[in-house]
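Working notes, structure below.
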């Protein structure tokens, strides 16, 4: 793999750490700024909303620019946001820092996916995207526990100083290792990028992302309650159980990337079906600590195994204008997170118990699988109508882009 992918992974690590570590430091931050839990929660929800805005808005604004320069500029904004957070004298300034850092999140992963795929041979594109997202998964496995520990020992501001340093390292790496990618003359531009959304397949891909990721993260939002109130674990063990969940994320991302390089449709079909089964089994066996641990790891693994394939699918469906569609898919991940959490809150409020969120997740995953099956059938039918279908259809084509590009519903 090119060293440039390492620079992208470091950037992904820093961004993932910024997103997730605040949850473990929220009590300290709230106490320091003298705000209640609800106000402190906006440091998380405000970040998520800003990710969705930045994923589409910033990406749309830079479609004509050199992608390497855009990634570097995004990392400068990320550094500035975390620096503001580290120095914030008030809650309002802290929230501003969170918003600034979040604006880079979606655009970085959206544009970074396109750049990562361009650095390798066609049959390795999904693996390259998985390499970049490995930084995000590593942030869950190692970064969040260590960042939380650092903040608890040396004050929460020390964690944001550390993230700022990581951002600087990523910026240096991208400046020195990522090759220049100037905008092509006569390239798609903003109008062409927006034109990709005339494809029904692009919208179906976004819907699969919202449902599939919403299923996993809706359950994950309330996983601490499930583990303590249903599985019987002590609250002190939850951080270490979440490390195991992070291990599942890391492994699933790596395996999912390698599998998607062979076949995007087959990989997504198998993984979404497995994810639905795992969450249903988790719901049925959540009272068993051993079964809960196994299910937790598998839920993370199958949930994140979808990421490389989902990014590859929408980039392929967007054809020659993949940048904005890729960014929109990052926004869709966050919309799914919010929707899944909202649905889980409804079932808990209805008195169905914490394990009901796992049934929600299984149902959403099945919904994602159903949409994917329909989308793939429409793609094959469209290809057959154009006389371009090959023996066995898109699921048998080695390069996903060859199978899915131009397959409008």
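The values are calculated or read from the model by the stated rules, or taken from the named source; none is laboratory data. All figures in this text were calculated on a predicted structure; none of them were measured in a lab. Cβ placement follows ideal geometry from the backbone for every residue including glycine, while neighbour counts extend to all protein chains displayed.
Tabulated results
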item	result
Verdict on residue 258 being in contact with a helix residue (DSSP H, G or I) (Cβ under 6 Å, 6 or more places away or on another chain), closer than 18 Å to residue 208 by Cβ and at pLDDT 85 or above	no
Subset of the stretch 194-209 (residues that are assigned to a helix (DSSP H, G or I), touching a helix residue (DSSP H, G or I) at 6+ places or on another chain (Cβ under 9 Å) and over 12 Å from residue 311 (Cα atoms))	194, 196, 197, 200, 201, 203, 204, 207
Extreme residue, surrounded by the most Cβ atoms within 10 Å (Cβ to Cβ), among residues of the stretch 210-233 that are modelled with pLDDT of 85 or more and not in a helix (DSSP H, G or I)	231
Failed criterion for residue 319 (all others in (1) crowded, with 20+ Cβ neighbours inside 10 Å; (2) over 24 Å from the mean Cα position of the chain (by Cα); (3) assigned to a loop (DSSP other than H, G, I, E, B) hold)	(2)
Which listed residue, of 48, 130, 61, 134, is over 24 Å from residue 166 (Cα atoms), at pLDDT below 85 and in contact with a helix residue (DSSP H, G or I) (Cβ under 9 Å, 6 or more places away or on another chain)	61
Hey, residue 67 more than 19 Å from residue 50 (Cα to Cα) and in contact (Cβ under 8 Å) with a residue 12 or more places away in the chain or not	yes
Unique residue being part of a helix (DSSP H, G or I), over 22 Å from residue 262 (Cβ atoms) and in contact (Cβ under 8 Å) with a residue 12 or more places away in the chain when the list is 310, 324	324
Among the candidates 7, 88, 55, 72, residue that is at pLDDT 85 or above, surrounded by 20 or more Cβ atoms within 10 Å (Cβ to Cβ) and within 28 Å of residue 120 (Cα to Cα)	7
Test: residue in the stretch 119-126 that is surrounded by fewer than 21 Cβ atoms within 10 Å (Cβ to Cβ) and without any contact (Cβ under 8 Å) to a residue 24 or more places away in the chain	yes
Residue match in the stretch 280-291 (condition: within 23 Å of residue 207 (Cβ to Cβ), outside the structural domain of residue 124 (by TED's automatic domain parsing) and over 20 Å from the mean Cα position of the chain (by Cα))	yes
Qualifying positions in the stretch 153-169 - out of contact with any helix residue (DSSP H, G or I) (no Cβ under 7 Å at 6 or more places or on another chain) and either at pLDDT 95 or above or assigned to a helix (DSSP H, G or I) (or both)	153, 154, 165
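Conditions tested, residue by residue: (1) closer than 30 Å to residue 114 by Cβ; (2) surrounded by 23 or more Cβ atoms within 10 Å (Cβ to Cβ); (3) touching a residue at least 12 places away in the same chain (Cβ under 8 Å); (4) in contact with a strand residue (DSSP E or B) (Cβ under 7 Å, 6 or more places away or on another chain).
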residue	(1), (2), (3), (4)
328	yes, yes, yes, no
336	yes, yes, yes, no
339	yes, no, yes, no
346	no, no, no, no
353	no, no, yes, no
361	yes, yes, yes, no
381	yes, no, no, no
